[in-house]
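First up is the structure itself, then whatever we jot down about it.
The values are calculated or read from the model by the stated rules, or taken from the named source; none is laboratory data. As the structure is a prediction and not an experimental result, all values here were calculated from the model. Every residue, glycine as well, gets a Cβ built from its backbone with ideal geometry; the counts of neighbours run over all protein chains shown.
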Amino acid sequence: MQSKPCFKVNGKAFVCFFQQEMVFKLAGNVHEEAMALQGAHLFDPSGKGRAMKEWVQVPYAHAAQWERFAKAAMEYVGK
């Protein structure tokens, strides 16, 4: 995914590693939960104000929740 380490399901990326943080493709309530975390924000790999609306970048401070978000992202993309 844009030259970043990522995991895919059915050929589609659902999680990647960027700037020492994890980025998840999420929707619905779980997207809102991730965005509510301190320091979390929409993923903007270019840094030019073109954030990817479904992708949430979650800081290491919330690493305990990364597995849950990864599972939700895999289910979302794997549909």
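Restricting the search to the range 1-39, which residues are surrounded by fewer than 21 Cβ atoms within 10 Å (Cβ to Cβ), assigned to a loop (DSSP other than H, G, I, E, B) and modelled with pLDDT of 95 or more? Passing the criteria: 27, 36, 37, 38, 39.
Considering the range 40-79, the residues that are of a type in the set (Ser, Thr, Tyr) and outside any loop (DSSP other than H, G, I, E, B) include one that is surrounded by the fewest Cβ atoms within 10 Å (Cβ to Cβ), namely 60. Listed by first and then second residue, the pairs with beta-carbon distance under 6 Å, at least 6 apart or on different chains, first residue in the range 38-55 and over 15 Å from residue 17 (Cα atoms), second loosely packed, with under 15 Cβ neighbours inside 10 Å, are 51/44.
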